[in-house]
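A.B. asks: Let me give you the structure first, and then I'll get to my questions.
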Amino acid sequence: MAGVEAFLKARDFLFTHRTDYDAAFAGFRWPEMQTFNWALDYFDTIGERRDQLALWIVDEGGDEEKFTFQELTRLSNQTANFLRGLGVRRGDRVLVMLNNVPALWQTMLACIKLGAVLVPTSTLMTSDELQDRLTRGNIRAVVTETSFTQRFQDTQGEFLKVVVGDPVAGWEDFHDIQQADVQFSPDGLTFRDDLLLLYFTSGTTSKPKLVAHTHQSYPVGHLSTLYWIGLRPGDLHLNISSPGWAKHAWSNFFAPWNAEATVFVYTYQRFNAQKALSVIAEKKVSSVCAPPTVWRMFIQQPLANYQVSLRELVSAGEPLNPEVIQQVQSAWGLTIRDGFGQTETTAKVGNSPGQKVKEGSMGRPMPGFPLALIDPEGNEASEGELSIRLAEKPTGLMRGYEDDPERTIKAMGGAYYHTGDVVSRDEEGYLTYVGRADDIFKASDYRISPFELESCLIEHPAVVEAAVVPSPDPVRLAVPKAYVILAEGYEPNAETARSIFAHSRKSLASFKHIRRLQFYELPKTTSGKIRRVELRGLEEEAHKKGERQPGEFWEEDLKS
């Protein structure tokens, strides 16, 4: 069976059993294919047979842009021909650093058609962080907006530069795609295991991991994400997520278009819950995916006053507070359904449509994901590290960590792929998140690597040693807090704290900024390792008491 036919058969099976979890889990099989180019074989065929809206972008000022599947087929063909004319070839790595502008979707589709490798990158990255991505990602081309080009001025390396927006000297103008041919012919077949995406993600070492996905693992793998969200053809789906992160590709690209739904995007300079809710109601959005931080902002508004047309509500990124679910249920009669995945996978756990939702649970394994919980002795148990049985390796699992065989072997060199997340399972198969097996934590919807932040802090002359842990926060769930040992000659006062906060702001992307700081003698094991578990305990205890710790400084108090 041709790749696209197998893909559609698997997808339509999930449509048929969208509210029958048992049947879907028991009967779903990942499609078998040797060659598959999702943009050419699938997306373009939608454009040929349906003049349906594919992308609808609304900004906070009320301006709108709409594109049908046919129009995006034509525009992505022109973009692919334009990039090919500039020298981009199959296998070349293209760093894409764009906001939610039409060029983002056009470029992603074009790179898939070309067989080029996409490297999505957050617009928050600093020049130093971009240099790391350019070097380790072996980047051959960059597509970014005019306002971001300055960050590349001091970077090293030879790469093609393409700018979206006003022209910039030394950069190719993206607007020139208008002169490119509207018909595109691939230079050969795309095989299922060909590299498609490279994602930089946080790790416990000083360098972010580089996750490798193929032309099968992400486009086809996101059938599980489609099932979790509960998307149908013709839906108007809003995902509140920033470009450059895996969740954006999950729910602003592959999953909705796998369902032949419309990707709805609301753009803004600063998120405003009241405005977002007004847009959801006015434009008759049918499904919303948002991180818990956004849901917590939404319930501060009089939800019942918004006459929405919503059918599906989902949340991912961190555990969702039960009171948030209850307040939304009371206002709209709809239940927010939690889900769970990683950059390394598509959605692998979730509360799917029509199923009982248990308070605190992130749901059950998604169709196609053979999950197991592994205890510290390596045995399957009712509580342990969430893992995937590799004997039944699901399509939605990464190929590995690019150029890092040691890390790949550690994660998936045995009988299981290890997620690093500990969960428990009840008698009905529902999974509940317990915590990380390592020290990575979530702040808002972003993953934070303590080691990366600590490496930045010790570059400051006042800092001898530092340990970063999550500090509970009512809105963001947690914010990065640093416990610091000072160098000789520096005083543990507000002036020193202000200087360290400034260093953090200059050196790190905004979501990684140190928000709280305390000068403290770090607790250590006999072998000299920092006991972060003890520091996390101090934070939790202070949070329970509703008190700050003695000698603690908050960035917000010192900004003046």
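A.B. asks: Considering only residues that are in a helix (DSSP H, G or I) and among the basic types (Lys, Arg), look in segment 5-46 and name the one that is farthest from the chain's Cα centre (by Cα).
C.D. replies: Here the answer is LYS9.
A.B. asks: Please state which one of PHE191, PHE174 is at pLDDT 95 or above and closer than 25 Å to THR345 by Cα.
C.D. replies: Exactly one residue qualifies, and that residue is PHE191.
A.B. asks: For segment 310-336, enumerate the residues that are within 21 Å of the chain's Cα centre (by Cα) and part of a loop (DSSP other than H, G, I, E, B).
C.D. replies: ALA316, GLY317, GLU318, PRO319, LEU320, ASN321
A.B. asks: Find all pairs meeting these conditions: Cβ atoms under 8 angstrom apart; at least six residues apart or on different chains; first residue within segment 88-101 and open to solvent by 10 Å² or more (accessible area, probe 1.4 Å); second residue part of a strand (DSSP E or B) and of a type in the set (D, E, K, R).
C.D. replies: Taking only residues 6 or more apart or on different chains, the pairs are ASN99/GLU145; VAL101/GLU145.
A.B. asks: Could we say that GLY396 is of a type outside the set (Phe, Trp, Tyr), within 15 Å of TYR21 (Cα to Cα), crowded, with 24+ Cβ neighbours inside 10 Å and in contact with a helix residue (DSSP H, G or I) (Cβ under 6 Å, 6 or more places away or on another chain) here?
C.D. replies: Here the answer is no, as GLY396 does not meet what is asked.
A.B. asks: So, one more: Hey, does segment 403-420 have a residue that's outside any loop (DSSP other than H, G, I, E, B), more than 21 Å from the chain's Cα centre (by Cα) and basic (Lys, Arg)?
C.D. replies: Yes; the residues of segment 403-420 include at least one that is outside any loop (DSSP other than H, G, I, E, B), more than 21 Å from the chain's Cα centre (by Cα) and basic (Lys, Arg).
A.B. asks: Name the single residue that is most open to solvent (accessible area, probe 1.4 Å) among those in segment 139-163 being part of a helix (DSSP H, G or I) and of a type outside the set (A, V, I, L, M, F, W, C).
C.D. replies: Here the answer is GLN150.
A.B. asks: Are any residues in segment 269-309 charged (D, E, K, R), assigned to a loop (DSSP other than H, G, I, E, B), under 17 Å from ASP59 (Cβ atoms) and open to solvent by 50 Å² or more (accessible area, probe 1.4 Å), and if so, which ones?
C.D. replies: Hit for segment 269-309 is ARG270, nothing else.
A.B. asks: Looking for whichever is touching a strand residue (DSSP E or B) at 6+ places or on another chain (Cβ under 8 Å) and more than 23 Å from ASP338 (Cβ to Cβ) here; the options are VAL463, VAL434. Which one fits?
C.D. replies: VAL463
A.B. asks: Select from segment 114-138 the residues that are open to solvent by 10 Å² or more (accessible area, probe 1.4 Å), modelled with pLDDT of 95 or more and assigned to a loop (DSSP other than H, G, I, E, B) and list them in ascending order.
C.D. replies: Of everything in segment 114-138, just one residue is open to solvent by 10 Å² or more (accessible area, probe 1.4 Å), modelled with pLDDT of 95 or more and assigned to a loop (DSSP other than H, G, I, E, B), namely ASN138.
A.B. asks: Which one is nearest to THR19 (Cα to Cα) among residues in segment 312-333 that are surrounded by fewer than 17 Cβ atoms within 10 Å (Cβ to Cβ) and small (Gly, Ala, Ser)?
C.D. replies: Among those that are surrounded by fewer than 17 Cβ atoms within 10 Å (Cβ to Cβ) and small (Gly, Ala, Ser), it is GLY333.
A.B. asks: Is it the case that SER424 is surrounded by fewer than 20 Cβ atoms within 10 Å (Cβ to Cβ), under 25 Å from the mean Cα position of the chain (by Cα) and under 21 Å from SER361 (Cβ atoms)? Break it down into steps so the answer makes sense when it comes.
C.D. replies: Working: surrounded by fewer than 20 Cβ atoms within 10 Å (Cβ to Cβ): yes; under 25 Å from the mean Cα position of the chain (by Cα): yes; under 21 Å from SER361 (Cβ atoms): yes.
So SER424 passes the test.
A.B. asks: While we're here: Given the criterion aromatic (Phe, Trp, Tyr) and within 22 Å of the chain's Cα centre (by Cα), identify the matching residue among PHE152, PHE148, PHE174, PHE159.
C.D. replies: Residue meeting the stated conditions: PHE148.
A.B. asks: Just the residues that are within 20 Å of ARG399 (Cβ to Cβ), over 21 Å from the mean Cα position of the chain (by Cα) and of a type outside the set (D, E, K, R), please, taken from segment 105-145.
C.D. replies: The answer is LEU114, GLY115, ASN138.
A.B. asks: Which pairs have Cβ atoms under 7 Å, sit 6 or more apart or on different chains, and link a residue in segment 49-74 that is more than 20 Å from ASN272 (Cβ to Cβ) and among the hydroxyl-bearing types (Ser, Thr, Tyr) to one that is open to solvent by 50 Å² or more (accessible area, probe 1.4 Å) and not in a helix (DSSP H, G or I)?
C.D. replies: Pairs found: THR68/ASP51.
Residue by residue, here is whether (1) in a loop (DSSP other than H, G, I, E, B); (2) in contact (Cβ under 8 Å) with a residue 60 or more places away in the chain holds:
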{"position": "ASP338", "(1), (2)": "no, no"}
{"position": "THR343", "(1), (2)": "yes, yes"}
{"position": "PRO353", "(1), (2)": "yes, yes"}
{"position": "LYS356", "(1), (2)": "yes, no"}
{"position": "GLY368", "(1), (2)": "yes, yes"}
{"position": "THR395", "(1), (2)": "yes, yes"}
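The values are calculated or read from the model by the stated rules, or taken from the named source; none is laboratory data. Please read all numbers here as calculations on a predicted model, not as lab measurements. With ideal geometry, Cβ positions are generated from the backbone for all residues, glycine too; neighbour counts draw on all protein chains shown. Calculation scope for accessible area: heavy atoms of the full protein, side chains included, ligands and nucleic acids excluded. Shrake-Rupley method; radii C 1.70, N 1.55, O 1.52, S 1.80 Å.
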